[in-house]
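Input: a single structure, listed below in C-alpha cells.
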Amino acid sequence: MTKQDPPGAFDVVTLSTRHGDVVTLANDKPISAALSMYGEWAQIEIEFLSQFVRGSEMIVDAGSHVGVHACAFADMAPGATVHAFEPQPALHA
C-alpha cells in the first residue's frame with residue numbers, strides 16, 4: 001500500500017461462485033458485490049463464450065480480473081489448459 005491508497009483499498013475476500021472460489025478486492029464494485037450477492041459475474045458473457053470454449057485444448061483469458069471467466073472456462077473444458085493474465089498488480093495472483 002502506498003501513501004495515496006485509502007485505508008482498506010487492498011482488503012481481500014474469498015467468495016464462493018458458481019464456478020469455484022475466487023479471491024477479490026472487498027471494495028471492488030460492482031464485481032465483488034455481484035459475486036457476493038449472486039455467486040456470478042457476467043454470466044451471459046460466459047454463456048456466449050462457451051460455444052467457443054468447449055473442446056478447446058488451450059484457452060487464454062487476457063485481462064482476467066480475478067479469474068471468474070477463467071474458472072468457468074476450466075469447468076467447461078476440463079481437458080484444456082487455461083492461461084489467465086491480469087495486468088493490474090492489485091488483482092493478479
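Taking the stated definitions as given, is Met37 within 26 Å of Asp11 (Cβ to Cβ), out of contact with any Phe, Trp or Tyr (no Cβ under 7 Å at 6 or more places or on another chain), hydrophobic (A, V, I, L, M, F, W, C) and modelled with pLDDT of 90 or more? Considered against the rule, which asks whether it is within 26 Å of Asp11 (Cβ to Cβ), out of contact with any Phe, Trp or Tyr (no Cβ under 7 Å at 6 or more places or on another chain), hydrophobic (A, V, I, L, M, F, W, C) and modelled with pLDDT of 90 or more, Met37 comes out as yes.
For the range 3-31, the candidate set comprises residues that are assigned to a loop (DSSP other than H, G, I, E, B) and hydrophobic (A, V, I, L, M, F, W, C); within that set, the residue that is modelled with the highest pLDDT is Ala26. When Phe73, Phe85 are checked against the criterion of being aromatic (Phe, Trp, Tyr), under 12 Å from the mean Cα position of the chain (by Cα) and open to solvent by less than 50 Å² (accessible area, probe 1.4 Å), Phe73 stands alone in meeting it.
All conditions but one from (1) in contact (Cβ under 8 Å) with a residue 60 or more places away in the chain; (2) under 10 Å from the mean Cα position of the chain (by Cα) apply to Leu25; the one that does not is (2).
The values are calculated or read from the model by the stated rules, or taken from the named source; none is laboratory data. Computed from a prediction, not measured in an experiment: that's the story for all the values here. Counting neighbours? That spans all protein chains shown, and the Cβs are built from the backbone with ideal geometry, glycine included. Calculation scope for accessible area: heavy atoms of the full protein, side chains included, ligands and nucleic acids excluded. Shrake-Rupley method; radii C 1.70, N 1.55, O 1.52, S 1.80 Å.
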